[in-house]
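The values are calculated or read from the model by the stated rules, or taken from the named source; none is laboratory data. Remember, it's a predicted structure, so these values are computed and weren't measured experimentally. Here the Cβ positions follow ideal geometry from the backbone for every residue, glycine too, while neighbour counts run over all protein chains shown. For the accessible areas, the whole protein counts, side chains as well, though only heavy atoms, and no ligand, DNA or RNA atoms are used. Shrake-Rupley method; radii C 1.70, N 1.55, O 1.52, S 1.80 Å.
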Amino acid sequence: MKVLKKGDKGRDVAELQQALAGLGYQPEDAAWQTEAGDAGVFGEQTAKAVNRFRAGFGWDPYGQATVNTRRAIQAEVAALQRKLAALGLYQGAVHGRFDDATRQALAAFQTASLPGRTAAGGCLDP
């Protein structure tokens, strides 16, 4: 696992963005695709989302996804997967990646828990 920072591109960045969005840290004003035309590009919006996540731990806002930051994100996702599995909503492996199965299980939980309200689309509200 390596530090991710502005200018980085690729699968690791896309997975980071997916996890941050799933945990409720997606940029408020736009989707990741607004950064350089595609997800998987670590730009200003990703840095802001990382800083919001880090602030929840009382960590300085470096604007980088350090190894400790990435491990903390994985731990948060894994904890969510375990909770959803205990409710019978998630049948996948607990691996700490916010994949489609995790999103679908979270959306199912939100739909069941928020009758009459629009669910958050499989994303948490931190």
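Quick notes on this structure:
- Only one of the numbered conditions (1) surrounded by 13 or more Cβ atoms within 10 Å (Cβ to Cβ); (2) at pLDDT below 95; (3) on the phi < 0 side of the Ramachandran plot is violated by residue 81, and that is (2).
- Contacts under 6 angstrom Cβ, first residue in the stretch 80-100 being under 22 Å from residue 25 (Cα atoms), partner assigned to a loop (DSSP other than H, G, I, E, B) and not hydrophobic (A, V, I, L, M, F, W, C), 6 or more apart: 81/90; 84/90
- Cβ-Cβ distances below 7 Å connect the following pairs, each with a first residue in the stretch 6-22 that is closer than 16 Å to residue 96 by Cβ and open to solvent by 30 Å² or more (accessible area, probe 1.4 Å), a second residue that is at pLDDT 90 or above and not in a strand (DSSP E or B), and a separation of six or more residues or different chains: 15/97; 18/98.
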